[in-house]
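Worksheet: one structure, shown below.
The values are calculated or read from the model by the stated rules, or taken from the named source; none is laboratory data. Given the structure is predicted, the values throughout are model-derived calculations rather than measurements. Glycine gets a Cβ as well: all are built from the backbone with ideal geometry, and neighbour counts include every protein chain shown. Each accessible area value is taken on the protein alone, full model and side chains, heavy atoms only, with ligands, DNA and RNA left out. Shrake-Rupley method; radii C 1.70, N 1.55, O 1.52, S 1.80 Å.
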Amino acid sequence: MLPVVQLKGVTHAYLGDLEASLAVEDLNLTVEKGEFVSLVGPSGCGKTTILSIIAGLLQPSRGEVVINGRPMNGPSPEVGYMLQQDYLFPWRSILDNAVLGLELTGCLNDDTKKKTLELLQDMGLKDKAQAYPAQLSGGMRQRVALVRTLATDPGLLLLDEPFSALDYQIKLQLEDLVSETLRRRGTTAVLVTHDLSEAIAVSSRVILLQRNPGKIRKVFPVPEVIRAAPPLYARDQAGFAELFHEIWQEMESAGRES
Ligand code: ADP
Ligand code: MG
């Protein structure tokens with residue numbers, strides 16, 4: 001089967017008035033169908049840049065981006081991108097916010113609307129469909145944003161620190177919900193997070209980046225026992241603490257070198 005994401009020798013420099021700054025250098029990454037990979041690393045190591053390149057929002061200075069076997073040419077409905085902030089429109093109801101992506105891609109019909117309502121139900125938001133964003137908690141709004149991203153049924157989901165602004169308990173619940181929903185749909189996902197335990201709990205591979213310039217430092221496969229457990233319980237599995245420690249130490253030594 002074709003990999004969902006292939007980055008080959010991707011380099012990106014942001015051009016300023018006086019100089020160019022190298023954000024990502026010679027990045028090679030392949031993500032297979034149904035995989036859930038996490039990108040971790042210090043602030044400024046290029047995580048958001050990499051997601052924006054995969055999303056087709058940013059054209060890299062050099063290198064090749066191949067999505068589902070085709071060279072990338074701009075944003076596509078195959079790829080859903082969810083940001084840290086929820087960006088719901090305050091004047092639209094929850095349901096109208098949730099169907100926005102469908103509306104924009106011309107895919108809104110009775111069937112897709114019904115499926116969106118089912119997703120809202122899955123996320124425990126069914127009775128909020130006619131409410132407005134201001135009436136919801138932060139965790140609920142984040143779930144609405146997730147429903148909106150999933151409603152167009154993207155085969156590839158890009159998540160940029162989607163849980164970082166939430167209370168710890170809500171964050172754990174959402175990790176479970178998201179990971180279960182994606183597993184059920186066979187969605188491929190790339191998650192950016194600064195929370196190492198979250199990365200290990202939800203993904204099949206943790207990719208550690210280093211900065212100046214952004215590069216892959218080391219890739220850590222997550223053992224099957226941890227992978228098989230729901231995120232909430234993954235943290236209790238044998239080997240979790242050891243893997244956490246191993247990645248942590250590698251991060252520390254990368255930090256000392258940069
Ligand atoms: P991360 O998400 O890991 O914090 P980013 O991808 O946001 O990292 O940034 C990588 C590097 O590129 C940083 O040095 C950052 O300052 C720089 N950078 C990011 N966005 C821009 C931009 N729009 N213009 C210029 N430099 C940028
Ligand atoms: Mg970022």
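Of the residues in region 1-40, how many are basic (Lys, Arg) and more than 15 Å from the chain's Cα centre (by Cα)?
1
Give me a count of the residues in region 33-65 that are more than 16 Å from ligand 2 (Cβ to nearest atom) and touching a Pro at 6+ places or on another chain (Cβ under 8 Å).
Selection size over region 33-65: 4.
Six or more apart or on different chains, Cβ under 7 Å: which pairs go from a residue in region 153-165 that's under 13 Å from residue 68 (Cα atoms) to one that's within 13 Å of ligand 1 (Cβ to nearest atom) and of a type outside the set (S, T, N, Q)? Could you list them?
Going by the 7 Å Cβ cut-off, there are no qualifying pairs.
Consider residue 24 carefully, then state whether it is within 16 Å of ligand 1 (Cβ to nearest atom), part of a strand (DSSP E or B) and either open to solvent by 10 Å² or more (accessible area, probe 1.4 Å) or aliphatic (A, V, I, L, M) (or both).
yes
Residue-by-condition table, conditions (1) in contact with a strand residue (DSSP E or B) (Cβ under 7 Å, 6 or more places away or on another chain); (2) open to solvent by 30 Å² or more (accessible area, probe 1.4 Å); (3) part of a loop (DSSP other than H, G, I, E, B):
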site: 157; (1), (2), (3): yes, no, no
site: 163; (1), (2), (3): no, no, yes
site: 173; (1), (2), (3): no, yes, no
site: 184; (1), (2), (3): no, yes, no
site: 197; (1), (2), (3): no, no, no
site: 207; (1), (2), (3): yes, no, no
site: 215; (1), (2), (3): yes, yes, no
site: 225; (1), (2), (3): no, yes, no
site: 232; (1), (2), (3): no, yes, no
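Which number in (1) more than 15 Å from ligand 1 (Cβ to nearest atom); (2) open to solvent by 10 Å² or more (accessible area, probe 1.4 Å) marks the one condition that residue 211 misses?
Among (1) more than 15 Å from ligand 1 (Cβ to nearest atom); (2) open to solvent by 10 Å² or more (accessible area, probe 1.4 Å), residue 211 violates only (1).
Working only within region 132-151, note down all residues that are assigned to a loop (DSSP other than H, G, I, E, B) and either open to solvent by less than 20 Å² (accessible area, probe 1.4 Å) or assigned by TED's automatic domain parsing to the domain that holds residue 48 (or both).
136
Just need a number here: residues in region 167-225 that are in contact with a helix residue (DSSP H, G or I) (Cβ under 6 Å, 6 or more places away or on another chain) and of a type in the set (Lys, Arg).
Looking only at that region, the number is 2.
When you look at residue 47, is it farther than 27 Å from residue 195 by Cβ and either within 16 Å of ligand 1 (Cβ to nearest atom) or open to solvent by 80 Å² or more (accessible area, probe 1.4 Å) (or both), yes or no?
Values: farther than 27 Å from residue 195 by Cβ: no; either within 16 Å of ligand 1 (Cβ to nearest atom) or open to solvent by 80 Å² or more (accessible area, probe 1.4 Å) (or both): yes.
Criteria not met by residue 47.
Just to be sure before I move on: is residue 30 open to solvent by 50 Å² or more (accessible area, probe 1.4 Å), away from ligand 1 (no atom under 15 Å from the Cβ), among the polar types (S, T, N, Q) and in the same structural domain as residue 210 (by TED's automatic domain parsing) in the structure I sent?
Yes: the conditions hold for residue 30.
Answer yes or no: is there a residue in region 9-16 that is away from ligand 2 (no atom under 16 Å from the Cβ), open to solvent by 20 Å² or more (accessible area, probe 1.4 Å), out of contact with any Cys (no Cβ under 9 Å at 6 or more places or on another chain) and among the aromatic types (Phe, Trp, Tyr).
no
Which numbered condition trips up residue 56, out of (1) in a loop (DSSP other than H, G, I, E, B); (2) assigned by TED's automatic domain parsing to the domain that holds residue 218; (3) touching a residue at least 24 places away in the same chain (Cβ under 8 Å)?
Here residue 56 meets the rest and fails (3).
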